[in-house]
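Beneath this line is the structure, given in structure tokens, with notes to follow.
The values are calculated or read from the model by the stated rules, or taken from the named source; none is laboratory data. Given the structure is predicted, the values throughout are model-derived calculations rather than measurements. Every residue, glycine among them, receives a Cβ derived from its backbone with ideal geometry; neighbour counts consider all protein chains shown. All accessible areas refer to the heavy atoms of the entire protein, side chains included, with ligands and DNA or RNA removed. Shrake-Rupley method; radii C 1.70, N 1.55, O 1.52, S 1.80 Å.
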Amino acid sequence: MAKFRTSKNQNSVPESIDLMFRDLKRDPSIKFLGNHQGQILNKYKKDYLKNAKNIAIELPTGTGKTLIGLLIAEYRRRVLKERVVYLCPTRQLCSQVHEKADLYGINTVTLTGSQRDYNTTEFYNYQRSEVVAITTYSSIFNTNPRINDPNIIICDDAHAADDYVASLWTVSINRNNHKQLFDQIVRILEPVMPDYIAYYIKHHGISYEKKQVDLISNIACHNKHQQIIESLESLIKINENDQNYRDLKYAWGFISSHLDACSIYCSSENFEIRPIIPPTLTHQPFSNAHQRIYMSATLGEDGYLERVFGVNKIHKIPIPEEWNKRSIGRKLIFLPAMSSGINPKEVAAIMLQKRKRGLILVPNNTSLQAWSNFLKDTHTILQSTDIEKSLETFTKSNKPTVLILATRYDGIDLPGDDCRFIVLDGMPTGSGLQEKFLLTRLGASSQLRNRIRTRVTQAMGRCTRDENDYALVILLGEDLTKWCCTSINLQGMHPELQAEIQFGLDNSTELEVDNFVELGEDFFNKTPDWKDAEDEIQKLRDSSLKVSDDVAEALAKSMPHEINYVYQSWNGKHKEAFNEATKVLDSLEGGGHNLSLMSLFGIIKQQILLF
């Protein structure tokens, strides 16, 4: 028999965030807030609850930033009656956060997948501010989001959001998925395309050539814009039943009238049309929020987070002092390429055979397929589609199993015995052509250093999720090994990770395969030899410092002008955009390490003269 509902089921209004935490009907295993968590929550409530549009919170991997984000979400929902959205990169992560919220006693709903299939009751409970909604970045950053008026947006793993955010303003034309369109764009742009890229396209570039990316001059292709528009709109319409073309339709709708503000990147397999920085403040579901909170294990000091989200001022709550030296768990890191006469990949495979489960992270699908073929006879192979809803397919497997993921360097939490073995094979670069252009064509290794640091840090922290956790990490690939051998790359890392990598470098030379295996077993069995090694890592940690470099400072200085340039250009204010590009060049002037970005904005400045 139906009964009228009364207010007795409503939550009480808490006096503070920590008092609210005490009253939550949480799992008995969640006993108290850590001191560092309390510090951050108090700092947020005191200084930023109502006084800032954009706030970033930094905490090392495994130190409980998800709890902080959910407590802020629940507090604002209860006290200010706001609609709060908690964003994650993937559906699997949404499920993971939802499970944690249940342990914490916080009511959440997951709104993922097709928008028309959202649970009706759950959606309207969110709309009424009765629950916190957990969803993906793509649910907000799309052309017609059903969640279109959030008051508060909490961005988890914010450093990993770049591709998800930029995708709304990025048209990616792939040779295989959009063959007819790709061929038409080649015919249109071939007269203004770099000759070597045109050659690779004609000869289906192989291996190294497929890595080559270049920028087509807007000056040269300006009179081609109308042809590009006609080709895209015609073929999108003709192929409206093809999902690959439907995916193009949405981003194309956002940039088609702003081609003058976009760059066109090309390779033998893809064209990418996009603005340098996504103009997120033109997207109302994002721009109209009262507050946006970005949570990350590594914020950096070069303005990268601001560039990812297209905002030029983010107030940052830094890591509490107690975490400046110490981090979570322990990693034994090996770099087998440091020893001559052995096959590093075989070292990883042999060591993997002694473990029930292993995680392998790679930068592209080619590497993913190579590892799948390499291990298919000895291991069950899982990929991202196998863990979309839950990690249990991997964590509950009793057979030798490997989870192989491409361009997924964060967001996979594998604590304790879920997994204690990681392979990071190759430099963790981004998947988009713009980053590849900066790295391979302009040689912007110093400009991208912080991004690489962040991805390396995140990747190696997947299996160390609490104070007593531990994992063995194998780093493979000449590019990644070289990067780790370059001291300036390590200096901007947390001292604990600096020490672990340094110890790994010192202990990966002049070894045979059996030596790696023996040392790995000492680590897992916590032998007396390992205890000596632990003491050495702690000494290295205590003598290490996280050091800022001048490149990061220069990039931070130029960042507001880069973002201002994007919005001026997007709005057709070319004179103002030209002035901002000039300011970017002025900010970067004064060192050869800035030549790559100076080259890029020098090109942009010349292009603006056309208008």
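Worth pointing out:
- In sequence order, calculated HN-Hα J values of the range 99-105 (Karplus, 6.51, -1.76, 1.60; Hz; x Gly/Pro): 5, 5, 4, 4, 5, 7, x
- Between the range 19-81 and the range 487-510, the alpha-carbon center distance in angstrom: 32 Å
- Net +/- balance of residues flanking GLU230 in space, Cβ distance below 14 Å, scoring K and R +1, D and E -1: +2
- Overall form of the range 390-442 per C-alpha gyration tensor (a/c, 1.5; a/b vs b/c): prolate
- Straightening the chain between LYS354 and LYS575 buys 73.2 nm, computed as 0.36 nm per residue apart minus the Cα-Cα spacing.
- Rg(Cα)/(2.2 N^0.38 Å) for the chain, N = residue count: 0.98
- Taking amide H atoms as placed 1.01 Å from N in the peptide plane, the amide H of SER263 lies under 5 Å from those of ARG274, ILE276, each 5 or more residues away in sequence or on another chain.
- Here the range 336-402 has an Rg and Dmax of 12.9, 42 Å, counting Cα atoms alone.
- Amide H to amide H, with H built 1.01 Å from N, TYR294 comes under 5 Å of ILE55, ALA56, ILE57, CYS155, counting only residues 5 or more places away or on other chains.
- Probe 1.4 Å, protein heavy atoms only - accessible area per residue of the range 468-600 in square angstrom: 46 Å²
- Classified by the C-alpha gyration tensor, the range 1-116 has a rounded form. Its axis ratio a/c, with a ≥ b ≥ c, is below 1.5.
- When each of the peptides 529-535, 370-376, 360-366 is scored by the mean number of other C-beta atoms lying within 10 Å of its residues, the order from highest to lowest reads 360-366, 370-376, 529-535.
- Whole-Å semi-axes of the range 214-350's equivalent ellipsoid (Cα gyration tensor): 39, 28, 16
- Estimated dipole of the range 284-337 in Debye, rounded to 20 [Cβ of Lys and Arg +1, of Asp and Glu -1, Cα centre]: 160 debye
- Local electrostatic count at THR464 - Lys and Arg +1, Asp and Glu -1, tallied over other residues with Cβ under 12 Å: -2
- Over the range 168-286 - Rg/Rh using Cα atoms and the Kirkwood inverse-distance radius: 0.96
- Database remark: amide H of LYS573 closer than 5 angstrom to no amide H (H placed geometrically; neighbours at sequence offset of 5 or more, or on other chains; Pro and chain starts carry no H).
- Carbon/sulfur fraction of accessible area - the chain, other protein chains in place, 1.4 Å, %: 46 percent
- Computed over the range 262-402, relative contact order equals 14 percent, with contacts defined as Cα pairs under 8 Å that lie 6+ residues apart.
- Among GLY253, SER287, GLN243 the positive-end extreme of the charge dipole of the range 243-292 (Cβ point charges): SER287
- Separation of alpha-carbon centers, the range 260-289 and the range 114-181, rounded to whole Å: 16 Å
- In the range 240-358, lysine pairs with alpha-carbon atoms under 23 angstrom apart (chain gap of 8 or more, or interchain): 6
- Per-residue 3J(HN,Hα) values for the range 273-280, derived from phi via the Karplus relation 6.51 cos²θ - 1.76 cosθ + 1.60 with θ = phi - 60°, read 10, 6, x, 4, 10, x, x, 4 Hz in sequence order (x marks Gly and Pro).
- Shown here are the Rg and Dmax of the Cα trace of the range 152-231, at 15.9, 50 Å.
- In this calculation the C-beta distance from ASP183 to ILE219 is compared with R0 = 30 Å, giving a FRET efficiency of 0.75.
- Between ASN324 and THR582, the contour length at 0.36 nm per residue exceeds the Cα-Cα span by 89.1 nm.
- Total charge dipole magnitude, the range 507-596, about the Cα centre, Cβ charges on Lys, Arg, Asp, Glu only, Debye to nearest 20: 1000 debye
- The charge dipole of the range 173-274, taken about the Cα centre with unit charges on the Cβ atoms of Lys, Arg (+1) and Asp, Glu (-1), comes to about 120 debye, rounded to the nearest 20.
- Three-way shape call for the range 297-433 based on the alpha-carbon gyration tensor, with the a/c threshold at 1.5: prolate
- Annotation: Cα Rg of the range 106-178 relative to the compact-globule expectation 2.2 N^0.38 Å equals 1.27.
- Ordering of 378-390, 536-548, 151-163 by burial proxy (mean other Cβ atoms within 10 Å per residue, highest first): 151-163, 378-390, 536-548
- The string of couplings for the range 396-405 from the Karplus curve (6.51, -1.76, 1.60, θ = phi - 60°) is 9, 5, 9, 9, x, 9, 10, 9, 10, 10 Hz, one whole number per residue in order, with x for Gly and Pro.
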